[in-house]
1. If I filter region 161-172 for residues that are within 16 Å of the ligand (Cβ to nearest atom) and in contact (Cβ under 8 Å) with a residue 60 or more places away in the chain, do I get at least one hit?
2. For residues that are assigned to a loop (DSSP other than H, G, I, E, B) and of a type outside the set (Ser, Thr, Tyr), scanning just region 31-57, find the one that is farthest from LEU289 (Cα to Cα).
3. Go through region 11-30 residue by residue and tally those that are among the basic types (Lys, Arg) and outside any helix (DSSP H, G or I).
4. With respect to MET79, is the statement that it is within 16 Å of the ligand (Cβ to nearest atom) and not hydroxyl-bearing (Ser, Thr, Tyr) true?
5. Looking only at region 135-160, count every residue that is within 13 Å of the ligand (Cβ to nearest atom) and either in contact with an Asp or Glu (Cβ under 9 Å, 6 or more places away or on another chain) or of a type in the set (A, V, I, L, M, F, W, C) (or both) and tell me the total.
6. So CYS85 ticks every box in (1) crowded, with 23+ Cβ neighbours inside 10 Å; (2) out of contact with any Leu (no Cβ under 7 Å at 6 or more places or on another chain) but one. Which box is left unticked?
7. With respect to GLU131, determine if the residue is of a type in the set (D, E, K, R), in a loop (DSSP other than H, G, I, E, B) and within 23 Å of the chain's Cα centre (by Cα).
8. For region 245-258, indicate whether the set of residues that are of a type outside the set (A, V, I, L, M), crowded, with 22+ Cβ neighbours inside 10 Å and assigned to a loop (DSSP other than H, G, I, E, B) is non-empty.
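The values are calculated or read from the model by the stated rules, or taken from the named source; none is laboratory data. In this text, all values refer to a predicted model and were calculated from it rather than measured experimentally. No Cβ is skipped: glycine too gets one built from the backbone with ideal geometry, and neighbour counts run over all protein chains shown.
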Amino acid sequence: MQDFKTIFNTYDWEETLQSIFDKTEDEVIRALQNTKRDLEDFKALISPAAKPFIEQMAQQSNSITRKRFGNTIQMYAPMYLSNECQNICTYCGFSLTNKIPRRTLTDKEILREVSYLKSKGYDHILLVTGEANRTVGVIYIKNAINLIRSQFANITIEVQPLDQEEYEQLIEAGLYAVLVYQETYHQEAYKLHHPKGRKSNFEYRLETPDRLGRAGIHKIGLGALFGLEDWRADSFFTALHLKYLQKQYWKTKYSISFPRLRPHSGGLEPKVEMTDADLVQLICAFRLLDEDVELSISTRESELFRNHIVNLGVTSISAESKTNPGGYVVEQQSLEQFEISDERSTEEIAKMLNDRGLEVVWKDWENFR
Ligand code: SF4
């Protein structure tokens, strides 16, 4: 059976990057006119040559999104279960060597956090942990899913990459989706930013969506952490990954997220800056490449940016996020994984969306368990 690693290994980072920078205005115009777009069109749309066409891209992106998803935006909330982590990641506040108090929520604490989120109306939840297999391994995650599954229509996790059989167990327990960002597809930069722990295994992470597809997960979320390497090349490889997965595991749904480096304890400066205009260009390019993929923006982004981007192709956003375990109710003061930027309440975000003609979707399917 083919896997993504085999395809990925046929590409060279520098050549790929150069081919994006070589795209011309004519190729951008062709990409805009095409009704079915391929990865060469995507390269043109994220290239510097597409900069003067961002307005046109945004209009097309919005119209495709409204046609496919209606005037709706899904809202979800992340719930951090633990900040214990055995990895060193240069960009993260939970990194092993950071001297911070470590905490993993108990069942009782999880339920207290859940009741706060339920009181706000959330039905989609994202469970987040660091990577500490002894304390927050599969048994802990499965227990958390069992504990809360009757209260949510949709449970997603963002935890350490697991084996296929472990994913199968979690799907059986009620797991709906898994977010697993490659962080960067640049192998040397990946090594540099993940010097210690299981996460330093680039290939195991790269193969994770394949294991998820084989396990029969409903939805897989992809993405790169922008700032570690050139955002255009990382976005191309994310798109390549998406297109491969869609063909291979066609029953699965997909989403793309667009995290940019944010300040945290012992903060890392971005190597390559991605401006707001770059991010708008990228989000629109993904929508023009793929009408069905869900596009998600978190509270890492500013209030102003999120106010605008919700009408340009995005289909789901988080609100009022706390990036520390117990941050909603249990322990509001502990250290965050990264600082959030948009600090508005759930109600304020819902109102902002309504004011822009968008209906908030709290859940999009019924859980009959
Ligand atoms: S990014 Fe994830 S794996 Fe890396 S230090 Fe942070 S919590 Fe741990």
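1. Scanning region 161-172, I find no residue that is within 16 Å of the ligand (Cβ to nearest atom) and in contact (Cβ under 8 Å) with a residue 60 or more places away in the chain, so the answer is no.
2. This residue is ASN34.
3. 1
4. yes
5. 5
6. (2)
7. Details: of a type in the set (D, E, K, R): yes; in a loop (DSSP other than H, G, I, E, B): yes; within 23 Å of the chain's Cα centre (by Cα): yes.
Judged against the criteria, GLU131 is a match.
8. If we filter region 245-258 for residues that are of a type outside the set (A, V, I, L, M), which is where we start, we get 246-255, 257-258.
Within this subset, residues satisfying the condition of being crowded, with 22+ Cβ neighbours inside 10 Å are 258.
Retained after the next criterion (residues that are assigned to a loop (DSSP other than H, G, I, E, B)): 258.
Yes, region 245-258 contains at least one residue that is of a type outside the set (A, V, I, L, M), crowded, with 22+ Cβ neighbours inside 10 Å and assigned to a loop (DSSP other than H, G, I, E, B).
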